[in-house]
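The values are calculated or read from the model by the stated rules, or taken from the named source; none is laboratory data. Everything quoted here is computed from the prediction, not taken from an experiment. Positions of Cβ are generated from backbone atoms using ideal geometry, with glycine treated the same way; all protein chains shown enter the neighbour counts. To get the accessible areas, we keep the full protein, side chains included, count just its heavy atoms, and leave off ligands, DNA and RNA. Shrake-Rupley method; radii C 1.70, N 1.55, O 1.52, S 1.80 Å.
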Amino acid sequence: MTYLLALDQGTSSSRSIVFDENGHILALAQQELPQIYPRPGWVEHDPMEIWRTQLGTAREALAKAGLKAADIRALGITNQRETTVVWSRKTGQPIHHAIVWQDRRAEATCARLREEGKAGLIQAKTGLLVDAYFSGTKLKWLLDNVPQARQQAARGELAFGTIDSWLMWQLTGGKLHATDVTNASRTMLFNVHANAWDADLLALLDIPESLMPRVLPSSTHFGDVLPDLLGGAIPIGGVAGDQQSALFGQACFKEGMAKNTYGTGCFMLVHTGHKFQTSHNGLLTTSAAQVTPQTEYALEGSVFVGGAVVQWLRDGLHAIQGSGEVQALAQSVPDSGGVMMVPAFTGLGAPYWKPDARGTITGLTRGTTVAHIARAALESIAYQSAALLQAMSRDAVAAGAAPVAELRVDGGACINDLLMQFQADLLGIPVVRPAVTETTALGAACLAGLSSGVYASTTELSAMWRAERTFLPTLSADRAASLMAQWEHAVRQTVAL
């Protein structure tokens, strides 16, 4: 049997998973990652802690599986995207904490770019909307605010990277300063048409090109892990940002195939093939994982509060003791009783982009119980995701393609049968849950397996993908449309306050 190791470096934890060649999980190890909040709106991580926890889980997963480095054909990396690290090329030490994707400190720079009329240029080159979410303005902040950083950068002494680059530098002892196209495409500095750093965008943010990592396809031989770290040299064969890795792990390789990840937030991507497509419905264009130098794209939309609404029911309302109780509570009533919840705790993301929206619960009566509110909270995840998929389908039809015909799902909340059935009912298309729901890590393993010869092609990976359950719609199209109209009315109320 051949084995692959996936490093899955996320926002709240570092994980490592050993897969066999059939995509089955052999062992998993996980360590929490401390969050640092220096002031409101700022979020940081300690890059050395990211490295320590990631290396620790890799060693633990190998030990749990009873395997040595020699048993691992290749290693894949998937990571929280946009999080920004700058370090010394000489010492390998970071010059500051990592600035996490959620951090908003660079909003002033983004506002200036928008005021100067640069948003159209940036979207045309990168597919992204101007937002502090992306790495470019975080990098500018570090150069402007860390003492001596600009001078060191001008002398070529510093390296920038997203978390994949940081891990590869550490894994190879500083021999490798690289990233893949998916992570590069989330920086707001990368021309996704040319698959290269864009000189105009670097100049716009006053960033020396010497800082930037080499950009490679997502499936290739990046380099080799130092033998003393894991007991032997293991090729690094695949790298992709978490959402593109999940798209790959769901075997969504062709135009029109879509997946939704139900985590703290929800992230929906639809593959658009080799066509760069600008959304007219509030979505981002991003690079999909590439197994050749040829460009591949996806449209992406994100919901800020997905599974986090269940945490709020537990920790904020104290309506439940544990997250696992929400399905039983929600199922104790036949429907939400007219209650509609819009969990805009941090504004609304795609396709609305309403940062000033605030959460609302509407439709309350004397007959409303906590079970109705729990059901409305759960249904809010499906409503937000349905709004995303409808936006994607409108973009597809406008581009002359077919609407999305099936949604593949993953992430923690996809185990909730009530939620998945309601999602299928709203969408009017099948919702398919895979046998392996660890699709983010699986995607990284598959990318590594392709480059190292474990798999011959994506056709082989498509054949390996298995569904665990398919949820078919049971509502009429008219009833689903009526429910979505109620949802959109509730959304309008959140921004009218």
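Key figures
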item: Identified option (computed P(r) over Cα pairs in 10 Å bins from 0, in percent; candidates (1) 4, 20, 30, 27, 15, 4, 0; (2) 4, 16, 19, 17, 16, 13, 8, 5, 3, 1, 0; (3) 4, 18, 28, 26, 16, 7, 2, 0); result: (1)
item: Packing-based ranking, highest mean first, of 35-44, 267-276, 377-386 given that Cβ atoms within 10 Å are counted; result: 377-386, 267-276, 35-44
item: Mean Cβ neighbour count within 10 Å, used as a protection proxy, ranking 401-409, 256-264, 159-167, 210-218 highest first; result: 159-167, 256-264, 210-218, 401-409
item: About the Cα centre, charge dipole magnitude for the stretch 176-260 (Lys/Arg +1, Asp/Glu -1 at Cβ), debye; result: 320
item: Flagged links, alpha-carbon separation over 23 Å, of Lys118/Lys138; Lys118/Lys140; Lys68/Lys90; Lys64/Lys259; result: Lys68/Lys90; Lys64/Lys259
item: Given charges at beta-carbon only (K, R positive; D, E negative), |dipole| of the stretch 286-381 in Debye; result: 300
item: Dipole of the stretch 358-497, positive direction: furthest Cα of Thr494, Thr458, Pro430, with charges on the beta-carbon; result: Thr494
item: Furthest towards positive pole of dipole, Cys252, Leu75, Val370, structure part the chain, Cβ charges; result: Val370
item: Under-5 Å amide H pairs with Ala196, H placed in peptide plane, nonlocal only; result: Asn191
item: For Leu5, net neighbour charge (Lys/Arg +1, Asp/Glu -1) across residues whose Cβ lies under 14 Å away; result: -2
item: Cα centroid separation, the stretch 194-261 to the stretch 112-187 (Å); result: 14
item: Cut-off 12 Å between beta-carbons: net charge of the residues surrounding Arg114, Lys and Arg +1, Asp and Glu -1; result: -2
item: Mean ellipticity per residue at 222 nm, deg cm²/dmol - from DSSP H runs of n ≥ 4 across the chain, formula -39500 (n - 2.57); result: -10500 deg cm²/dmol
item: Selection from Val239, Phe190, Val270, by position along the positive dipole direction of the stretch 184-274 (Cβ); result: Val270
item: Surface accessible to a 1.4 Å probe, per residue, for the residues of the stretch 120-182, Å²; result: 28
item: Surface per residue (accessible, 1.4 Å probe) for the stretch 198-302, Å²; result: 31
item: Accessible area (Å², per residue) of the stretch 27-98, counting only protein heavy atoms and a probe of 1.4 Å; result: 44
item: Portion, in percent, of the accessible area of the stretch 112-254 that falls on carbon or sulfur, probe 1.4 Å; result: 50
item: Accessible surface of the stretch 309-380 [probe 1.4 Å, protein heavy atoms]: carbon and sulfur percent; result: 53
item: Amide H partners (placed H, <5 Å) of Val404, local residues excluded; result: Ser393
item: Relative contact order (percent, whole number), the stretch 1-128, Cα cutoff 8 Å, 6+ residue spacing; result: 26
item: Sequence ranges 188-200, 342-354, 432-444, ranked by mean other-Cβ count within 10 angstrom, highest first; result: 432-444, 342-354, 188-200
item: DSSP H segments from the chain that extend 20 Å or more along their own axis, Cα-based, with Kyte-Doolittle mean of 1.0 or above; result: none
item: Charge tally in the Cβ shell below 10 Å around Ser135, where Lys, Arg are +1 and Asp, Glu are -1, Ser135 excluded; result: +3
item: Rounded to the nearest 20 debye, dipole of the stretch 365-429 from Cβ charges on Lys, Arg, Asp, Glu; result: 220
item: Accessible area (Å², 1.4 Å probe, nearest 10) - Leu129; result: 60
